[in-house]
Amino acid sequence: MSLAIRVHTTGGPETLSVDDIGTGAPAAGEVRLRHTAIGVNFIDTYFRSGLYKAETPFVPGAEAAGVIEAVGDGVTGLKTGDRVAYAATTGAYAQYRLISADRLVPLPDDIPDDVAAAVLLKGLTAQFLLRRTFKVGPEHTILFHAAAGGVGLLAGQWAKHLGATVIGTAGSPEKVELALKNGYDHVINYRTEDFVARVLDLTEGRKVDVVYDSVGKDTFTGSLDVLKPRGLFVSFGQSSGPIPPFDIGLLNTKGSLFATRPSIFGYNSERADLLAAADDLFAQIRQGVLTVPIHQRLALRDARAAHEALERRATTGATLLIP
């Protein structure tokens, strides 16, 4: 049996149930994985609340590291005892799970399990945002909302290494200070400052090349207002709620803007792309470009408390559940 957190009815954090479930043997193409560390991400709350759809009951959780305990028929390149990590959609909040082998990333000896569980989903997100959705370089000024969050802290370090001028937003003096220590040139406290006016001031009216927005409803209009003509709005989350439907002509009136809604899964659907992105991420960690801040560790059965803290924006950096 495996201790697991399940959602039987979507809703608030109180819907997270601590259950014992069976795991079984891996089918062809699968492995059975024993988790050693599990990452907590905002996407987990989207599935739990019903904003993203999953058939109930389900085990939430998109990111974890662990050790392979059994291998199904047809699996190549992986064996029992291998350390691996993954970024998926659901299924991570459990001691054991079955998972398709082609979604697993082998872990190098110099990448610890807790670092992998804290970084893979968030780090692969930063990787595709900064290197593929918009290829950031020294000539660019960028705005990254939620700069003190898990993705934001990694993106600040990485974008600064790429030579960009990096502006962020955060919701408290403590979060502002943390983001400034992680690559950001300027961080705006959106609770006390008008981020649009401040970005215009910081850029002397030139605005930014790209806005990375995981906040959604609360920041959408302002984000468009700080983009240069033909700038790119990148929506990759909605912690404040979904962006309301809008007339696409708005992008024209705001300056012939571009907008995209990418995902880690869309960018890494092919295994070769997944492994290449992971290699890039691990190289940045190995070279000291990225440090991985793990600021919260809770027992797996305390997943409700982790979700409550995440949704009231009381966390910084990465949160882990330990089986």
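Could you say whether any residue in the stretch 100-109 is free of Cβ contacts under 8 Å to residues at least 40 places away in the same chain, under 30 Å from ALA309 (Cα atoms) and among the acidic types (Asp, Glu)? Checking the stretch 100-109: not a single residue is free of Cβ contacts under 8 Å to residues at least 40 places away in the same chain, under 30 Å from ALA309 (Cα atoms) and among the acidic types (Asp, Glu). Of all residues being assigned to a helix (DSSP H, G or I) and closer than 12 Å to LEU33 by Cβ in the stretch 85-116, which is modelled with the lowest pLDDT? Just the residue, please. Within the stretch 85-116, the match that is modelled with the lowest pLDDT is ARG103. Count of the stretch 214-233 residues, restricted to those that are assigned to a loop (DSSP other than H, G, I, E, B) and either of a type in the set (Ser, Thr, Tyr) or not assigned by TED's automatic domain parsing to the domain that holds LEU153 (or both), is 2.
Note on the stretch 163-183: residues that are closer than 16 Å to THR315 by Cα, among the hydrophobic types (A, V, I, L, M, F, W, C) and out of contact with any Gly (no Cβ under 6 Å at 6 or more places or on another chain) total 3.
The requirement of being touching a helix residue (DSSP H, G or I) at 6+ places or on another chain (Cβ under 7 Å), closer than 18 Å to ALA37 by Cβ and not hydrophobic (A, V, I, L, M, F, W, C) is fulfilled nowhere in the stretch 126-147; no residue meets it. Consider ALA147 carefully, then state whether it is assigned by TED's automatic domain parsing to the domain that holds GLY39, buried (at least 23 other Cβ atoms within 10 Å of the Cβ) and either not hydroxyl-bearing (Ser, Thr, Tyr) or not in a strand (DSSP E or B) (or both). Here the answer is no, as ALA147 does not meet what is asked.
Does the stretch 234-256 contain at least one residue that is part of a helix (DSSP H, G or I), small (Gly, Ala, Ser), within 20 Å of SER214 (Cβ to Cβ) and within 16 Å of the chain's Cα centre (by Cα)? Within the stretch 234-256 (the criterion being part of a helix (DSSP H, G or I), small (Gly, Ala, Ser), within 20 Å of SER214 (Cβ to Cβ) and within 16 Å of the chain's Cα centre (by Cα)), the answer is no, since none of the residues qualifies. You will find that of ILE5, ILE68, ILE43, ILE21, the residue that is under 17 Å from LEU298 (Cα atoms) and among the β-branched types (Val, Ile, Thr) is ILE5 and no other.
With respect to being crowded, with 16+ Cβ neighbours inside 10 Å, in a loop (DSSP other than H, G, I, E, B) and modelled with pLDDT of 95 or more, TYR184 fits the description. Here GLY137 passes the criteria (1) of a type outside the set (Lys, Arg); (2) crowded, with 16+ Cβ neighbours inside 10 Å; (3) under 18 Å from VAL234 (Cα atoms) except the one numbered (2). In this structure, does ILE43 turn out to be in a helix (DSSP H, G or I), under 21 Å from SER100 (Cβ atoms) and in the same structural domain as ILE68 (by TED's automatic domain parsing)? The answer is yes for ILE43.
In the stretch 255-296, how many are without any contact (Cβ under 8 Å) to a residue 24 or more places away in the chain and β-branched (Val, Ile, Thr)? Counting residues in the stretch 255-296 that are without any contact (Cβ under 8 Å) to a residue 24 or more places away in the chain and β-branched (Val, Ile, Thr) gives 0. Does SER263 count as crowded, with 19+ Cβ neighbours inside 10 Å and in contact with a helix residue (DSSP H, G or I) (Cβ under 9 Å, 6 or more places away or on another chain)? It is false that SER263 is crowded, with 19+ Cβ neighbours inside 10 Å and in contact with a helix residue (DSSP H, G or I) (Cβ under 9 Å, 6 or more places away or on another chain). Within the stretch 100-133, which residues are more than 30 Å from ASP209 (Cβ to Cβ) and either buried (at least 21 other Cβ atoms within 10 Å of the Cβ) or of a type in the set (Gly, Ala, Ser) (or both)? Within the stretch 100-133, SER100, ALA101, LEU104, VAL105, LEU107, ILE111, VAL115, ALA116, ALA117 qualify.
With the requirement that a residue be in contact with a Leu (Cβ under 9 Å, 6 or more places away or on another chain) and either part of a helix (DSSP H, G or I) or not acidic (Asp, Glu) (or both), what does the stretch 14-27 give you? Once the filter is applied, which keeps residues that are in contact with a Leu (Cβ under 9 Å, 6 or more places away or on another chain) and either part of a helix (DSSP H, G or I) or not acidic (Asp, Glu) (or both), the stretch 14-27 yields VAL18, ILE21, THR23, GLY24, ALA25, PRO26, ALA27. For the stretch 187-222, the set of residues classified as hydrophobic (A, V, I, L, M, F, W, C) and modelled with pLDDT under 95 consists of VAL215 only.
When ARG206, ARG132, ARG198 are checked against the criterion of being in contact (Cβ under 8 Å) with a residue 60 or more places away in the chain and assigned to a helix (DSSP H, G or I), a single residue qualifies: ARG132. Per this entry, ALA54 is not counted among residues that are surrounded by 23 or more Cβ atoms within 10 Å (Cβ to Cβ), closer than 30 Å to ARG312 by Cβ and not β-branched (Val, Ile, Thr). Filtered by the rule that a residue be surrounded by fewer than 16 Cβ atoms within 10 Å (Cβ to Cβ) and closer than 22 Å to SER239 by Cα, the stretch 151-181 gives PRO173, GLU174, GLU177.
The values are calculated or read from the model by the stated rules, or taken from the named source; none is laboratory data. Since the structure is predicted, the reported quantities are computational estimates derived from the model, not experimental observations. Every residue, glycine as well, gets a Cβ built from its backbone with ideal geometry; the counts of neighbours run over all protein chains shown.
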